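Participant: My questions will all concern the structure given below.
The values are calculated or read from the model by the stated rules, or taken from the named source; none is laboratory data. Remember, predicted model here, so these are calculated numbers, not experimental data. All Cβ positions, glycine included, derive from the backbone under ideal geometry; neighbour counts span all protein chains shown.
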Amino acid sequence: MPQPVLHTHRLRLRPFSDADLPGFIDLYANPVTAHFLGGLCNEEDAWRRMATMVGHVALRGFGPWALEEQTTGVFVGYCGPWNPHGWPEREIAWALRSAFHGRGYATEAARAALAFAYETLNWDTAVSCIALDNVASIRVAERLGAVRERATQNRGFQIAIYRHLSPAQLRQSAPAGS
């Protein structure tokens, strides 16, 4: 099954394309963003990381989407369901290029990705694995209703596991008439 395209108010969540590579390289070449994503990497390694996300979709049937602004078509970052071999749990992951920080894009995209994971993939729970010092991503998780569950190590990095509200909890917290 091909990866579907999702739309939010301001973003398009779509499969990666080769045209996303310059933006993906920017994400992993910037010390501000790469610090939370396993560190800086060169162009070839950035391509491999992007290819890993594409391959994840082929192997698992789901994976992160490329995010683009609907009005400009500019590559913003990525977001989506993620569960590579050996990962702590099924995750909603996100990362944005630094030029797009502070606009609410991560929250908007993660909310759509979480709904997709619950409604289409039939997940009953999801986490986000966040570096302990990634204050911005912690705020995103908390805006989504996630709660810090525990600290752990994942592939040599100290992270916190943030547990998202379950589908039942999300239904209970939804405003009346929604």
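Participant: Going residue by residue through region 80-89, is there one that turns out to be part of a helix (DSSP H, G or I), more than 15 Å from the chain's Cα centre (by Cα) and surrounded by fewer than 18 Cβ atoms within 10 Å (Cβ to Cβ)? Give the derivation first.
Facilitator: Taking region 80-89 first, the residues part of a helix (DSSP H, G or I) are none.
Among the residues of region 80-89, not one is part of a helix (DSSP H, G or I), more than 15 Å from the chain's Cα centre (by Cα) and surrounded by fewer than 18 Cβ atoms within 10 Å (Cβ to Cβ), which makes the answer no.
Participant: Follow-up. Run R48 past the list (1) farther than 22 Å from H164 by Cβ; (2) touching a strand residue (DSSP E or B) at 6+ places or on another chain (Cβ under 9 Å); (3) of a type outside the set (A, V, I, L, M); (4) part of a helix (DSSP H, G or I) and report the number of the one that doesn't hold.
Facilitator: Condition not satisfied by R48: (2).
Participant: Residues in region 122-178 that are out of contact with any strand residue (DSSP E or B) (no Cβ under 6 Å at 6 or more places or on another chain), of a type in the set (D, E, K, R) and farther than 21 Å from G102 by Cβ: how many?
Facilitator: So the count comes out to 3.
Participant: Checking the structure you have, find out if any residue of region 9-22 is at pLDDT below 95 and either β-branched (V, I, T) or surrounded by fewer than 21 Cβ atoms within 10 Å (Cβ to Cβ) (or both). First the steps, then the outcome.
Facilitator: Filtering region 9-22 down to residues at pLDDT below 95 leaves none.
Taking every residue of region 9-22 in turn, none turns out to be at pLDDT below 95 and either β-branched (V, I, T) or surrounded by fewer than 21 Cβ atoms within 10 Å (Cβ to Cβ) (or both).
Participant: Can you tell me which of A113, A95, A99 is within 20 Å of L165 (Cβ to Cβ), modelled with pLDDT of 95 or more and hydrophobic (A, V, I, L, M, F, W, C)? So that I can check it myself, show each step before the final result.
Facilitator: On the way: A95 fails: within 20 Å of L165 (Cβ to Cβ); A99 fails: within 20 Å of L165 (Cβ to Cβ).
None of the others qualify; the one that does is A113.
Participant: Next question, about the same structure. Give the residues of region 134-143 that are out of contact with any helix residue (DSSP H, G or I) (no Cβ under 6 Å at 6 or more places or on another chain) and in contact (Cβ under 8 Å) with a residue 40 or more places away in the chain, sorted by residue number.
Facilitator: Step one: of region 134-143, the residues out of contact with any helix residue (DSSP H, G or I) (no Cβ under 6 Å at 6 or more places or on another chain) are 134-139, 141-142.
Scanning region 134-143 gives N134, S137.
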